[in-house]
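The values are calculated or read from the model by the stated rules, or taken from the named source; none is laboratory data. Just so we're clear, the structure is a prediction, and the values are computed from it rather than from any experiment. Backbone-built Cβ (ideal geometry, glycine too); neighbour counts: all protein chains shown. For the accessible areas, the whole protein counts, side chains as well, though only heavy atoms, and no ligand, DNA or RNA atoms are used. Shrake-Rupley method; radii C 1.70, N 1.55, O 1.52, S 1.80 Å.
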Amino acid sequence: MTINVVTISGSLRKSSYNTALMHALPGLAPDSMRLTEAPTFREMPLYNADVQASGFPQSVIAFADAIRSADGIVIVSPEYNWTIPGGLKNALDWVSRLENQPFKEKPVAIQSATGGPLGGARMQYHLRMALTFLNAFVLGTPEVFVGLAQTKFDGQSLELKDEATKKAVTDQLGAFAKFVARVKA
Ligand SMILES: Cc1cc2nc3c(=O)[nH]c(=O)nc-3n(C[C@H](O)[C@H](O)[C@H](O)COP(=O)(O)O)c2cc1C
């Protein structure tokens, strides 16, 4: 059985470590998992109920459609000021207002990379909280926290080179494949 997973990076930065980690996932995933990247949330306006009243933006519809069509989601995000980056939170806020809310009963795994040593733990707990309100099914463990990201990726190519991180990601994606299969069954 093929498991279709959509990946979301919480960073819009060109040389983002989180986007680099997201790019590493296909090489570390089990054979049964097919990964595709979600459309960007870059174009979404700031959430405003007045804008919503005149129709959901196309960027929101496209993002939600990608989530709905997936068997599972992997969110790879930085931590900003101990919490969820505004752009990612804005995207969650937009899709949360849709009928047929796309995260409902959707398996989600979370990973984070930061420059500091804690690897985004505080952001992950806030993201878990928001996703739980959206009735997503968030994988418990294994967790993936990539601290001191500048030491784990090649400075030029941004290729993930840290073996311990590769193993942590491989372990999580393996567990996530089983989790998704269980939810689908
Ligand atoms: C607005 C802002 C807030 C930040 N807050 C935190 C933080 O709370 N914890 C942390 O570990 N790093 C924090 N950082 C540093 C990020 O971990 C670092 O910039 C990281 O590279 C961002 O992820 P990216 O490379 O995927 O863009 C912050 C960075 C920015 C720009």
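Do you know which residues across the stretch 148-169 are closer than 16 Å to Leu35 by Cα and open to solvent by 60 Å² or more (accessible area, probe 1.4 Å)? Lay out the reasoning, then the answer.
Within the stretch 148-169, the first condition is being closer than 16 Å to Leu35 by Cα, and the residues that meet it are 169.
Across the stretch 148-169, there are no qualifying residues.
Remark: pairs (first residue in the stretch 73-86, within 8 Å of the ligand (Cβ to nearest atom); second residue among the small types (Gly, Ala, Ser) and outside any strand (DSSP E or B); Cβ separation under 6 Å; 6+ apart in sequence or on different chains) = Ser77/Gly10; Pro78/Gly10; Pro78/Ser11; Glu79/Gly120; Pro85/Gly10.
Of all the criteria given as (1) over 18 Å from the mean Cα position of the chain (by Cα); (2) in contact (Cβ under 8 Å) with a residue 60 or more places away in the chain, the one not satisfied by Leu25 is (1).
Among the residues making up the stretch 71-91, those that are of a type in the set (Val, Ile, Thr) and within 12 Å of the chain's Cα centre (by Cα) are Ile73, Val74, Ile75, Val76, Ile84. Do we find a residue being of a type in the set (A, V, I, L, M, F, W, C), open to solvent by 30 Å² or more (accessible area, probe 1.4 Å), touching a helix residue (DSSP H, G or I) at 6+ places or on another chain (Cβ under 7 Å) and farther than 23 Å from Tyr17 by Cα anywhere in the stretch 127-147? Yes; the residues of the stretch 127-147 include at least one that is of a type in the set (A, V, I, L, M, F, W, C), open to solvent by 30 Å² or more (accessible area, probe 1.4 Å), touching a helix residue (DSSP H, G or I) at 6+ places or on another chain (Cβ under 7 Å) and farther than 23 Å from Tyr17 by Cα.
Which one is nearest to the ligand (Cβ to nearest atom), of the residues in the stretch 121-144 that are among the hydroxyl-bearing types (Ser, Thr, Tyr) and without any contact (Cβ under 8 Å) to a residue 24 or more places away in the chain? Per the stated criteria, the residue is Tyr125.
Cβ-Cβ distances below 6 Å connect the following pairs, each with a first residue in the stretch 3-16 that is in contact (Cβ under 8 Å) with a residue 40 or more places away in the chain, a second residue that is hydroxyl-bearing (Ser, Thr, Tyr), and a separation of six or more residues or different chains: Ile3/Ser32; Val6/Thr36; Ser9/Thr19; Gly10/Ser77; Ser11/Thr19. Phe56 falls short on exactly one of the conditions (1) away from the ligand (no atom under 16 Å from the Cβ); (2) part of a helix (DSSP H, G or I); (3) open to solvent by 20 Å² or more (accessible area, probe 1.4 Å), and that condition is (2).
Inside the stretch 16-33, residues that are open to solvent by 60 Å² or more (accessible area, probe 1.4 Å) and within 16 Å of the ligand (Cβ to nearest atom) make up a count of 2.
The residues of the stretch 100-120 that are within 16 Å of the ligand (Cβ to nearest atom), outside any loop (DSSP other than H, G, I, E, B) and touching a residue at least 40 places away in the same chain (Cβ under 8 Å), listed by number, are Gln111, Ser112, Ala113.
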